[in-house]
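The values are calculated or read from the model by the stated rules, or taken from the named source; none is laboratory data. The model shown is predicted, which means the values in this text are computed figures rather than measured ones. Positions of Cβ are backbone-derived with ideal geometry, glycine not excepted, and every protein chain shown enters the neighbour counts.
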Amino acid sequence: MRILALDGSLARASAALWIDGSVAAARAVPGDRVQPTALPAMAETLLAEAGRRLDAVAVVVGPGSFTGVRTAIALAEGVALGLGVPAIGVTTGEALAAALPEALRAGREVWAAVDTKRGRMALERLLDGVAAAPPAVFAERDLPSPGGPVTVVGDAAPVMAARLLARGFDTVLSDSRLPDAAAAASVAALRIERKIPMRGAAPLYAEPPAVRLPG
């Protein structure tokens, strides 16, 4: 199985080539606004390494940066269309959870916290590594109560974990802060194998994108 995976959802652009269960090559560039220039170049390099032969293209669909998500999805859909393969969506939380050691997932719900840049955070709850429901947006003071032990991932994870710990909940703050294309590829492989539900490459927004109307 050969998968090209792309991510631009948070403050990093990354791409990975997944071949038969392992990462054959990967690239990453940090930054909030690098996706439009970094992702196409990385994808072209990895496509060349794959001999332009793929079974699928995986892409992180959000929640996250509007520009980063749309850039990655447009590129993924273009490559998939050109090669006649499916484009498979992976949520930001699913990619973050896939990067966790098994010890931080076993018997624990994973909460993915993404900073919306509007004084709130998007919460994506995951069971067995799969998004259990659409993301919901909360102010820090309004976070819900976990139903049991929880591991927190995402760029807003330190804030969320501190709030939950202060309320006495069994909470582990993980090091999984930014999604990675290699982890997204592993989730897409499970989708291709029908081990978890399929997801298309439509963008997943936690709240409507901020749009500045013309004056």
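Based on what the data block shows, is A161 within 27 Å of G31 (Cβ to Cβ), at pLDDT 95 or above and not assigned by TED's automatic domain parsing to the domain that holds V29?
Criteria met by A161.
For G84, are the conditions met, namely being at positive phi and touching a residue at least 60 places away in the same chain (Cβ under 8 Å)?
no
If we only count strands (runs of 3 or more DSSP E) wholly inside the range 86-186, which ones have 3 or more residues that are more than 19 Å from E207 (Cβ to Cβ) and under 15 Å from the mean Cα position of the chain (by Cα)?
Passing ranges, in order: 87-90.
I'm trying to understand the selection: among the residues of the range 126-151, which are without any contact (Cβ under 8 Å) to a residue 60 or more places away in the chain, within 16 Å of G62 (Cα to Cα) and touching a Gly at 6+ places or on another chain (Cβ under 8 Å)?
L126, A131
Might you check whether a residue that is in contact with a Gly (Cβ under 6 Å, 6 or more places away or on another chain) and either within 19 Å of G82 (Cα to Cα) or among the β-branched types (V, I, T) (or both) occurs anywhere in the range 17-38?
Taking every residue of the range 17-38 in turn, none turns out to be in contact with a Gly (Cβ under 6 Å, 6 or more places away or on another chain) and either within 19 Å of G82 (Cα to Cα) or among the β-branched types (V, I, T) (or both).
Kindly list the number of the only condition in (1) surrounded by fewer than 24 Cβ atoms within 10 Å (Cβ to Cβ); (2) touching a strand residue (DSSP E or B) at 6+ places or on another chain (Cβ under 8 Å) that fails for V114.
The one condition V114 does not meet is (1).
Search the range 26-58 for residues being surrounded by fewer than 16 Cβ atoms within 10 Å (Cβ to Cβ) and not charged (D, E, K, R), and hand back the single one that is farthest from the chain's Cα centre (by Cα).
Ranking the qualifying residues of the range 26-58, first place goes to G51.
Taking the residues in the range 94-111 that are over 18 Å from D170 (Cα atoms) and touching a Gly at 6+ places or on another chain (Cβ under 7 Å) as candidates, determine which candidate is surrounded by the fewest Cβ atoms within 10 Å (Cβ to Cβ).
Among residues in the range 94-111 that are over 18 Å from D170 (Cα atoms) and touching a Gly at 6+ places or on another chain (Cβ under 7 Å), the one surrounded by the fewest Cβ atoms within 10 Å (Cβ to Cβ) is A98.
Does the range 109-137 hold any residues that are over 17 Å from R163 (Cβ atoms) and not acidic (D, E), and which are they?
Of everything in the range 109-137, those that are over 17 Å from R163 (Cβ atoms) and not acidic (D, E) turn out to be K117, R118, L126, L127, G129, V130, A131, A132, A133, P134, P135.
Return yes or no: is V61 surrounded by 18 or more Cβ atoms within 10 Å (Cβ to Cβ) and touching a residue at least 12 places away in the same chain (Cβ under 8 Å)?
yes
Could you say whether any residue in the range 69-78 is in contact with an Asp or Glu (Cβ under 9 Å, 6 or more places away or on another chain), modelled with pLDDT of 95 or more, surrounded by 23 or more Cβ atoms within 10 Å (Cβ to Cβ) and within 19 Å of W18 (Cβ to Cβ)?
Yes, the range 69-78 contains at least one residue that is in contact with an Asp or Glu (Cβ under 9 Å, 6 or more places away or on another chain), modelled with pLDDT of 95 or more, surrounded by 23 or more Cβ atoms within 10 Å (Cβ to Cβ) and within 19 Å of W18 (Cβ to Cβ).
Out of curiosity, is R125 among the charged types (D, E, K, R), closer than 24 Å to G68 by Cβ and not assigned by TED's automatic domain parsing to the domain that holds G31?
When the stated conditions are applied, R125 passes them.
Check P209, P203 and return the single one that is at pLDDT below 95, in a loop (DSSP other than H, G, I, E, B) and within 19 Å of the chain's Cα centre (by Cα).
Residue meeting the stated conditions: P209.
Could you go through the range 129-137 and let me know if any residue there is surrounded by fewer than 11 Cβ atoms within 10 Å (Cβ to Cβ) and at pLDDT below 95.
yes
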